[in-house]
1. Mind sorting out which of (1) 246; (2) 157; (3) 189 is the real volume of the Cα convex hull per residue in Å³ computed from the coordinates?
2. Under 5 Å between amide H atoms, partner at least 5 residues away or on a different chain: which partners does THR196 have, H built in plane at 1.01 Å?
3. Going 7 Å from the Cα of MET1 in the Cα-to-Cβ direction, what parts of the range 124-167 have a backbone nitrogen less than 13 Å from that spot?
4. If you place +1 on the Cβ of every Lys and Arg and -1 on the Cβ of every Asp and Glu, how big does the dipole about the Cα centre of the range 254-468 come out, in debye to the nearest 20?
5. Projected onto the charge dipole of the chain (+1 at Lys/Arg Cβ, -1 at Asp/Glu Cβ, origin at the Cα centre), which of LEU227, VAL91, SER412 gives the Cα projection farthest towards the positive end?
6. What distance in nm separates the simple spin-label points at SER24 and LEU385, each placed 7 Å from Cα in the Cβ direction?
7. Starting from the Kirkwood Rh over alpha-carbon pairs, what translational D in µm² s⁻¹ does the range 254-468 have by Stokes-Einstein at 20 °C and 1.002 mPa s?
8. In whole Å, how far is the Cα centre of the range 1-23 from that of the range 154-230?
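Nothing in this text is a laboratory measurement; each read-out follows from the coordinates by a stated rule. Owing to the predicted nature of the structure, the values given are computational and were not obtained by experimental measurement. Cβ sites come from the backbone with ideal geometry, for glycine too, and all protein chains shown count toward neighbours.
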Amino acid sequence: MGRFTELTLDLSSPTEIVLRNIPSNVSFILLQVHTQFQNVTLALDKIPKTNESETGSDAGLLTVLRPQQTLCTWYLESTDPGQLLASIISVPYTEKDPVPGACNLEFDLDIYPNVHLEYNVYETVITFAPANLGYTRDGIPAACDVKTGQDSRWRLLYDVYQYFLPENNLNGSTLLTHLQRMSMVQQVTTNGIKLTTLISSDRPSVSFSSIPGQGVIYTVIVRDPLLNTSAAYVPAHTYACNFTATVDNCHTLGKVSTKVFFTLCAVIGLFLCFCGHRHLKTDFFFMGFIISGFLMFVLLTRLTPLEYDARLTLTAVTGVVGGLLLVTLWWRTGCVHGCVLLVGLVFGFLVASIVFFTPIGEYAVFRNNSVFWLTFCSVVIVSSLLLIFPKHLNILSCALVGSYTVVLAIDSFVYTSLSYITLNVLKRTLNDEFSVAYTSAPLQTNDFLLVALWVALLVFGVTTQFVRERDRPEFPPAPYMIWKRDRERRKTNVLDPSYHLPPLKDRMLLQLAKLRDVFRPPPPIGERTPLLL
């Protein structure tokens, strides 16, 4: 008991597991079996029954011991045609420890000690059955529906824990090794991250943000505050992806279209990071591209059933149109402050996303959508107050947004968590139920290296642009306004030499005639005029 054992299973016959010499003070035995992604069936008999067996990659059965019982037997069977590696452990509990899942009303087992896990592209949801108070081997369990007094299961508390596996590691042996740190109470409290505590009247379900490709282990510890005892549910793990899918499985995450899209954005973003203010047309085009593309992607996702590649294509097309419109607005009207205001909103959006990516975003008050969006918009507006210094705001926006596009491009090839700075906000925009999900993401080696790169690009980009632009006007005049001013000047000032210039059409014809004379071939030798008569 209390030690992990690795087994190699196959489909040929069930594996019999026997536990002997069980101490008399043990009232319950929780047997757990774990594999990476293949399903196994854990049963009390050789022929599994619905209410006496559990199938999954994280399966557990809780056995209530009879008086004088010193031996337990379980049967473990693989549902995979090939051999697979599994890890098992039996965990003992005494009569004072709460019984995980003993007040189950939802799942097939009479006592369901497992953490049930489901995921989609937006969120991962864990659900568990309520526990009951412990009792002796020959005792009678407390009634689950009695809600009065301290002698009922309603005094129990549930701590939800999360544990991140090493990033970009899909090795099965690594998973089984780390599961050993999340299977018993003492190990869970030492190694896991406690996210929340639920009381018995709360709904036994918790949501988390899905992180495809990142292994995560979830478990629940039920505590009896009166007796100061506790017990752990069977931990569940997920990578938020499918290992057996033909396309976009865990080993081939990331669509080619996404990589191409973000790589092109990174090229423009890197240029803007160092030269954005000098090249205003490129700056305004890219910011208009981001604004219109983001809005279009949200609308397409919420209102249409289009596939991802179709949505991404339409997003890119809309982004190009939006970028051209913003450039046209500046070119035609010269409205610098209006254009820089839109640039500042992109800057504020990224700043607000960074703020809510920190532990601040995990505060319970922000699970209310109204509070979250009001606070988020307030941060965006406050960040945009730099509009009183439009040149500084534009340079900061180019450097911050441009350097972040480099981070996104790298993330599309190498797994990091920094893409979830903006992706969590996008998920919340697309999914109304995402507000209750915990959005914590691991910061590991790749993330720290990428943060260092991001900061370096940001600092050098800001410094370079401020040094280059220190002696130049804040913003160049709009081309259309220059042309209009010159035209009016030529009409009103006859002493201006440009007033006497021929029309543009005549000047172009004259230049073409000169070019023809330059490139006209020399006459034949016989037709040359003699120098002397």
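1. Step by step, volume of the Cα convex hull per residue in Å³ for this structure corresponds to label (1).
2. For THR196, the qualifying residues are VAL160.
3. 137
4. 480
5. Highest projection toward the positive end goes to SER412.
6. Inter-label distance under the simple model: 7.4 nm.
7. In µm²/s, the coefficient rounds to 120.
8. 24
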